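Below is one structure; the comments refer to it alone.
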Amino acid sequence: MISLSNLAHARPAIAAFAAMGVLWGTFAAVLPDLKAMLGVDERQLGLLIFCTPIAAISAMLAAPAFGTATGRIALPLSVMLMALGFALPGQAAVWWLFPLAMACAGAATGLTDVLMNARVAAMETQRGLHLMNLTHAAYSFGYAGGAVLTGLLRGAGWGPGWVMGTMAALGLLCALLTLEPDGRIEGLRKPKDGSAMPLGWVPVIGGGIVLIAFMTENAAENWSALHIEKTLGGSPEEGALGPAMLALTMGFARLGGQWLTGRANPYVILRVGAVIAAVGALMVAQAPGPGLAYLGFFVMGIGASVLAPTAFSLVGQLSVREARARAVARATLLGYFGYFIGPPLLGLIAGTFGLRSAFVYAACLVGMIFVLAPVLARQRT
């Protein structure tokens with residue numbers, strides 16, 4: 001069980017995950033309005049946001065140096081930059097400014113992601129607790145809250161600029177909660193004296209699982225509102241409920257995963273979760289209306305919820321202590337290729353074959369974790 005003192009100890013990481021959830025939930029729910037503002041179709045929109053992963057991955061490569069240079073304020077500073085970055089896309093009414101705005105949001109997100117996952121890995125080591133599911137649940141609840149509030153604001157007639165600016169302010173409040181007396185993240189950079197422990201294949205295979213999980217999860221979250229509104233004829237409020245349903249389900253399921261961790265074989269959790277997520281994605285693809293699509297998002301959320309946190313936790317457990325922060329950072333870098341590439345890739349598939357086909361692709365992709373889980377089980381640095 002997680003005590004109140006341990007929750008207080010994990011507060012900075014929980015606030016960072018929640019901030020990222022709020023901001024990306026807002027983006028997913030306001031995406032139909034951004035598309036209309038720019039006057040583009042799904043394929044063109046996918047191309048316009050393709051610079052996001054490039055900026056994010058570049059920032060991830062710089063995250064260890066940033067974290068080392070800024071010390072204990074590294075995480076608060078990165079969350080603040082992320083919130084400010086997400087205020088920009090809603091102001092970029094000209095199509096050529098939009099990729100630049102998304103690049104700012106993506107770069108700050110990549111920076112934050114490496115730092116907050118490394119911070120959680122350090123907390124798990126210090127306290128001997130399993131916190132990955134708990135902190136990732138904070139992301140899911142933040143995502144759901146951001147999506148629901150965005151749907152209400154859209155329904156009230158708010159434009160994307162006001163919506164994203166308001167939610168960015170909430171992100172700044174979360175940044176204040178990430179401050180802590182000793183928030184320095186040790187072990188981010190490889191020692192220069194040649195004493196660094198090798199990372200081996202653990203972060204590569206674990207990062208591959210995270211890549212698939214996040215590619216599926218984030219693509220579904222970002223395109224779910226558009227699928228419900230355009231393909232299934234839903235209203236803006238009904239569209240916003242799609243990503244909110246997925247994120248809420250994942251949040252509660254991750255709390256269940258927090259209890260399940262240590263009681264069940266983590267590799268079995270990965271394989272069962274992958275199958276359930278694939279079934280949910282196929283339900284969404286075949287849904288005749290919003291109602292069945294919500295059920296599909298519910299099923300998909302249950303399965304997908306445990307994939308990334310379990311993989312991150314295994315990377316930390318299977319790595320030697322001296323290399324744990326670097327291993328988690330490496331897995332984060334690999335994994336978030338999927339987080340950022342997923343939405344534009346799904347957009348290209350949707351623009352060519354339709355949104356239903358995009359969710360079929362997501363189902364096939366997440367099924368690959370069923371094969372990778374036993375491969376990870378055979379690894380150890």
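Some observations on this one:
- Among V22, V371, V306: highest mean-square fluctuation, GNM of the chain, C-alpha pairs under 10 Å: V371
- Protection proxy ranking of 264-277, 357-370 - average other beta-carbon atoms within 10 Å, highest first: 357-370, 264-277
- Spatially, the range 349-373 and the range 283-303 are offset by 14 Å when compared through their Cα centroids.
- Its relative contact order, with pairs defined as Cα atoms under 8 Å and 6+ residues apart, puts the range 239-381 at 33 percent.
- Given R0 = 41 Å, the distance between the Cβ atoms of L295 and N265 translates into a calculated FRET efficiency of 0.90.
- Between R184 and S58, the modelled labels are 3.0 nm apart [label points 7 Å from Cα along Cα→Cβ].
- The chain - percent relative contact order, Cα under 8 Å, separation 6 or more: 27
- Zone of A36's modelled label, taken as backbone nitrogen in the range 272-312 under 19 Å from a point 7 Å along Cα→Cβ: 290
- Footprinting exposure proxy for R330, R378 (fewest neighbouring C-beta atoms within 10 Å first): R378, R330
- Crossing angle, helix 132-155 versus the chain [Cα axis fit, 0-90 degrees, rounded to tens]: 20
- Shape category assigned to the range 61-148 from the gyration tensor of Cα positions, a/c cut at 1.5: oblate
- Global geometry of the range 228-363, whether rounded, prolate or oblate, following the gyration tensor of its Cα atoms and the 1.5 cut on a/c: prolate
- For the residues G234, G316, G151, a GNM of the chain with alpha-carbon springs under 10 Å puts the largest fluctuation on G234.
- Mean separation of Cα pairs under 8 Å and 6 or more residues apart, divided by the residue count, gives the range 218-294 a relative contact order of 35 percent.
- At q = 0.06, 0.07, 0.13 Å⁻¹, base-10 log of I(q)/I(0) for the chain (Debye sum, equal scatterers on each alpha carbon): -0.19, -0.26, -0.97
- Taking a sphere under 10 Å around the Cβ of M132 and counting the other residues whose Cβ falls inside, with K and R at +1 and D and E at -1, yields a net charge of 0.
- Label sites at W95 and L176, each approximated as a point 7 angstrom past Cα along Cα to Cβ, lie 4.1 nm apart.
- Taking the longest Cα principal axis of the chain as reference, the axis of helix 160-177 is set at about 20 degrees.
- Highest average packing first - 345-353, 200-208, 58-66, Cβ atoms within 10 Å: 200-208, 345-353, 58-66
- Exposure proxy ranking for I54, I212, based on other Cβ atoms within 10 angstrom of each Cβ and starting from the fewest, stands as I54, I212.
- When the square roots of the Cα gyration tensor eigenvalues are ordered a ≥ b ≥ c, the ratio a/c for the range 286-366 is 1.5 or more and a/b does not exceed b/c, which makes its shape oblate.
- Angle in degrees between helix 307-318 and the longest Cα principal axis of the chain, rounded to the nearest 10: 10
- Likely footprinting exposure, E180, E42, E221, fewest C-beta neighbours within 10 Å first: E180, E42, E221
Computed from the coordinates by the stated procedures, all read-outs in this text should not be read as laboratory data. These numbers were taken from a predicted model, which means no experiment stands behind them. Note that we place each Cβ from the backbone using ideal geometry, even for glycine, and neighbour counts take in every protein chain shown.
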